[in-house]
Amino acid sequence: MTKIKVLIIDDEPHAREGVRLLLAKDPDIEIAAEAGNGSAAVTLIKEHRPDLVFLDIQMPGMDGFAVLDELYPGEMPIVVFVTAYDQYAIKAFEANAIDYLLKPFDDDRFYATLEKAKKTYNLLRSTELNEKM
């Protein structure tokens, strides 16, 4: 099976480390890169073309929504917002995020989100393969 390529974008190193440690337990995941700000996130998304991004909302310079605004539709990965602020949840789902992890979250909540992301990835991949055939 092809591994799911993931980026972790958060301005807090401790938060990135927490997500990285949880993802490392899943053999289907390949962490491609990490970034601590929005402009680096845009660059990494365009460079690595990840399948899935764990994206903080409030970051210096460019927030998570501005990151998504910089992407073309064909560059858009599956997005999970990871933030300490609940007031952005509706806007996150309007931006087509598949989930919204509110910090601090527990392992069970994280893995439920990861399972949802993996199902979405497999569905998109299956659809793309069917279209190619």
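The values are calculated or read from the model by the stated rules, or taken from the named source; none is laboratory data. Here the structure is a predicted model, which means the values were calculated and not measured. We place every Cβ from the backbone using ideal geometry, glycine too, and count neighbours over all the protein chains shown. Side chains included, ligands, DNA and RNA excluded: accessible areas come from the protein's heavy atoms. Shrake-Rupley method; radii C 1.70, N 1.55, O 1.52, S 1.80 Å.
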Expected 222 nm ellipticity per residue - DSSP helices of 4 or more, -39500 (n - 2.57), all of the chain, to 500: -14000 deg cm²/dmol
22 Å Cα-Cα reach of Lys119 towards lysines, excluding residues that sit fewer than 8 places from it in its own chain: Lys3, Lys5, Lys25, Lys132
Average Cα contact separation per residue, the chain, under 8 Å, 6 or more apart, as relative contact order %: 20 percent
Long-range HN-HN contacts of Val82 with modeled amide H, under 5 Å: Leu55, Asp56, Ile57, Leu101
Coarse-grained scattering of the range 1-130 at q = 0.09, 0.10, 0.16 Å⁻¹, given as base-10 log I(q)/I(0) from a Debye sum over alpha-carbon atoms: -0.22, -0.27, -0.73
Carbon and sulfur %, accessible surface of the chain computed with the full protein complex present, 1.4 Å: 52 percent
Candidate aspartates and glutamates for bridging to Lys46, where Cα separation is under 15 Å - those fewer than 8 sequence places away on the same chain excluded: Glu34, Asp69, Glu70, Glu75
Two-site FRET efficiency, Lys25 against Ser126, from Cβ-Cβ distance with R₀ of 25 Å, rounded to 0.05: 0.50
